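The values are calculated or read from the model by the stated rules, or taken from the named source; none is laboratory data. It should be emphasised that the depicted structure is a prediction, and the values quoted were computed from it without experimental measurement. Don't worry about glycine lacking a Cβ; one is built from the backbone with ideal geometry, like all the others, and counts go over all protein chains shown. Each accessible area value is taken on the protein alone, full model and side chains, heavy atoms only, with ligands, DNA and RNA left out. Shrake-Rupley method; radii C 1.70, N 1.55, O 1.52, S 1.80 Å.
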Amino acid sequence: MLAVAALATGCQKQTDEVDGAFYTWDNRVVHCAVEADSKTGNDIVSIEAGLDRARDRGEVFEILIHQPGVSIPWTDFERLLAGVRDRGLAWVTYEDMARGIPPVGGVSLQYDGTWIVPWLDSRALLQNYGARVTIFVTRYTRLTDGERAQIRRFADEGGHDVEAHAVNHLRGPFYVEEHGLDAYLDNEVQPSIDALRADGYEVVSFAYPFGDRTDEIDRAVGKRVPLLRSLSITRDVVSSPCPH
Ligand SMILES: [Zn+2]
């Protein structure tokens, strides 16, 4: 019975055991985040264990949320923000890491997708805690001028960092298998970087949709931007795309 229960729930690690989600200021190219959305099973207690590790070891804990207030309740979202403040952790963006700021214990809070409304809804809370977010925007070329302006204002007001997350949010390794590496770079990666740069964003990183990556893709995309982001899956039942 015990074995069955363990299988059914998987073997989920507490986030402080997920080495790949902690940036140790080693100048690595491929970064990984853990997801804190409720459905991932990484509850706020597990996230707080990760915050403790970041404080104790001077590392940057990378946390991805898709829709604050929707994919994670506001109470947990605020508890996360307060946990960062109470531990004296810094807010670190991808721009900060690419620039090579002095090593500090911190949190890289990340949004990804095209969830503009929940992102804007989080403004007041982010402001209360001085939280700066790295926003990986996908399907940017399909946004209206008004939506782009909303992202611009949100980023400018909060000191947030807007970064690339592919044109169509497709799984890179499958795309490469079907169409080749050059097509992936030309159709999915580079235009997502160019579109943001055309609107004045610096763009120092590319986040893989679903965290899906290979070493070959890393090498190629790593020539376009200095930092890449994958995901650290905390369940042992699937192998994590995070290389660490
Ligand atoms: Zn995504």
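Return yes when residue 28 is out of contact with any strand residue (DSSP E or B) (no Cβ under 8 Å at 6 or more places or on another chain) and farther than 20 Å from residue 243 by Cβ and no when it is not. Reasoning before the result, please.
Working: out of contact with any strand residue (DSSP E or B) (no Cβ under 8 Å at 6 or more places or on another chain): yes; farther than 20 Å from residue 243 by Cβ: no.
Considered against the rule, which asks whether it is out of contact with any strand residue (DSSP E or B) (no Cβ under 8 Å at 6 or more places or on another chain) and farther than 20 Å from residue 243 by Cβ, residue 28 comes out as no.
Every residue, every condition in (1) within 16 Å of the ligand (Cβ to nearest atom); (2) modelled with pLDDT under 95; (3) open to solvent by 80 Å² or more (accessible area, probe 1.4 Å), yes or no:
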site	(1), (2), (3)
143	yes, no, no
155	no, no, no
160	no, no, no
165	yes, no, no
169	yes, no, no
175	yes, no, no
178	no, no, yes
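Count, please, the residues in segment 96-110 that happen to be open to solvent by 30 Å² or more (accessible area, probe 1.4 Å) and more than 16 Å from residue 28 (Cβ to Cβ). I'd like the intermediate steps shown before the answer.
If we filter segment 96-110 for residues that are open to solvent by 30 Å² or more (accessible area, probe 1.4 Å), which is where we start, we get 98-104.
Narrowing further to those that are more than 16 Å from residue 28 (Cβ to Cβ): 102, 104.
Qualifying residue count for the region: 2.
For segment 21-65, what are the residues that are of a type outside the set (Gly, Ala, Ser), under 18 Å from residue 211 (Cα atoms), touching a residue at least 60 places away in the same chain (Cβ under 8 Å) and open to solvent by 20 Å² or more (accessible area, probe 1.4 Å)?
Matches in segment 21-65: 28, 29, 35.
Within segment 215-244, restricting attention to residues that are modelled with pLDDT of 95 or more and assigned to a loop (DSSP other than H, G, I, E, B), which residue is surrounded by the most Cβ atoms within 10 Å (Cβ to Cβ)?
This residue is 225.
Of all residues in segment 188-214, which are in contact with a strand residue (DSSP E or B) (Cβ under 7 Å, 6 or more places away or on another chain) and not in a helix (DSSP H, G or I)?
201, 203, 204, 205, 206, 207, 208, 213
Might you let me know whether segment 118-134 holds any residue that is open to solvent by 10 Å² or more (accessible area, probe 1.4 Å), closer than 20 Å to residue 93 by Cβ, within 15 Å of the ligand (Cβ to nearest atom) and in a helix (DSSP H, G or I)?
Filtering segment 118-134 for residues open to solvent by 10 Å² or more (accessible area, probe 1.4 Å) gives 118, 120-121, 123-125, 127-130, 132.
From what is left, the residues that are closer than 20 Å to residue 93 by Cβ are 118, 120, 123-125, 127-130, 132.
Among the residues that remain, those that are also within 15 Å of the ligand (Cβ to nearest atom) are: 118.
Those left that are additionally in a helix (DSSP H, G or I): 118.
Yes, some residue in segment 118-134 is open to solvent by 10 Å² or more (accessible area, probe 1.4 Å), closer than 20 Å to residue 93 by Cβ, within 15 Å of the ligand (Cβ to nearest atom) and in a helix (DSSP H, G or I).
Considering each residue of segment 110-150, count those that are among the hydrophobic types (A, V, I, L, M, F, W, C), under 22 Å from residue 210 (Cα atoms) and without any contact (Cβ under 8 Å) to a residue 60 or more places away in the chain, and give that number.
Result for segment 110-150: 8.
Of everything in segment 76-95 that's part of a helix (DSSP H, G or I) and open to solvent by less than 10 Å² (accessible area, probe 1.4 Å), which residue is farthest from the ligand (Cβ to nearest atom)? Steps first, please.
First pass over segment 76-95, keeping only residues part of a helix (DSSP H, G or I): 76-86, 94-95.
Cutting the leftovers down to open to solvent by less than 10 Å² (accessible area, probe 1.4 Å) gives us 77, 80-81, 83-84, 94.
Values: 77: 18, 80: 19, 81: 22, 83: 24, 84: 23, 94: 15 Å.
So the residue we want is 83.
Checking the condition more than 16 Å from the ligand (Cβ to nearest atom), out of contact with any Gly (no Cβ under 7 Å at 6 or more places or on another chain), closer than 30 Å to residue 143 by Cα and not small (Gly, Ala, Ser), which residue from 73, 68 passes? Can you show your working first?
On the way: 68 fails: more than 16 Å from the ligand (Cβ to nearest atom).
Only one candidate passes the filter, namely 73.
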